[in-house]
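Worksheet for the structure shown next.
The values are calculated or read from the model by the stated rules, or taken from the named source; none is laboratory data. Computed from a predicted structure; not experimentally measured. Here the Cβ positions follow ideal geometry from the backbone for every residue, glycine too, while neighbour counts run over all protein chains shown. Just so you know, the surface numbers come from the protein's heavy atoms only, side chains and all, with ligands and any DNA or RNA stripped out. Shrake-Rupley method; radii C 1.70, N 1.55, O 1.52, S 1.80 Å.
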Amino acid sequence: MGSAMVQPVAESLTPSSGPIPLLPSTHNVFQIEQAVEDTLRALVVEHRRHLGLYTLWDESLGFILSSALSAYETERIVGVTVGNADFQHSVKRAVPEGNTFKGFPVQFVHRDPARMMGALKASTVAQDILATRGDGVSFGLRVKAFAYAESAISVWIMLAVKYRPVVDC
């Protein structure tokens with residue numbers, strides 16, 4: 001077997017017509033975001049119900065989380081942190097004096113809410129948020145999806161809570 005046999009194989013692997021075009025995404029990110037968020041909300045409510053806890057959603061808190069998720073994806077792509085100060089100021093305005101804010105962002109490359117909830121339950125930080133007790137406990141949830149070529153997708157979620165801690169005597 002000489003080098004003449006190898007040469008045609010190597011040449012056949014090299015594209016002769018230039019770069020291969022990537023297919024555009026077919027994902028509707030707005031529908032994905034809404035469907036995942038609706039399902040995750042129901043899963044959070046059910047989980048807290050099993051803990052004997054009521055769940056109140058704060059839509060304005062959820063809205064504030066959007067900017068953070070966009071910033072996290074930008075940082076992941078370009079390696080530069082943007083918008084963090086704006087997010088921190090928004091949280092400070094939304095959380096009353098004497099209250100606590102906790103948030104847990106996480107990124108997925110799928111859009112399965114059940115698997116996402118499993119990841120939340122597996123995280124000690126998210127478990128702490130899910131089991132929050134106190135006065136004025138309210139939750140925020142935001143899902144942000146980013147579509148890429150070849151139907152790749154990045155889905156960020158952030159679960160957050162604001163509350164006034166109760167001191168046990």
Scanning the stretch 105-155 for residues that are in a loop (DSSP other than H, G, I, E, B), under 23 Å from Ala71 (Cα atoms) and of a type in the set (A, V, I, L, M, F, W, C), the one least open to solvent (accessible area, probe 1.4 Å) turns out to be Ala152
Quickly run through the stretch 11-35 and pick out the residues that are modelled with pLDDT of 75 or more and surrounded by fewer than 10 Cβ atoms within 10 Å (Cβ to Cβ).
Pro19, Ile20, Pro21, Phe30
List pairs: first in the stretch 100-117 and of a type outside the set (Ser, Thr, Tyr), second open to solvent by 30 Å² or more (accessible area, probe 1.4 Å) and outside any strand (DSSP E or B), Cβ under 6 Å, 6+ apart or cross-chain?
Phe104/Val125; Pro105/Tyr72; Pro113/Thr39; Met117/Leu43
Would you mention how many residues in the stretch 36-74 are without any contact (Cβ under 8 Å) to a residue 24 or more places away in the chain and either within 20 Å of Ala114 (Cβ to Cβ) or open to solvent by less than 50 Å² (accessible area, probe 1.4 Å) (or both)?
7
Residue check, Phe87 among the aromatic types (Phe, Trp, Tyr), in a helix (DSSP H, G or I) and exposed (fewer than 13 other Cβ atoms within 10 Å of the Cβ)
no
Given the structure, is Ile77 modelled with pLDDT of 85 or more, under 14 Å from the mean Cα position of the chain (by Cα) and either surrounded by 10 or more Cβ atoms within 10 Å (Cβ to Cβ) or assigned to a helix (DSSP H, G or I) (or both)?
no
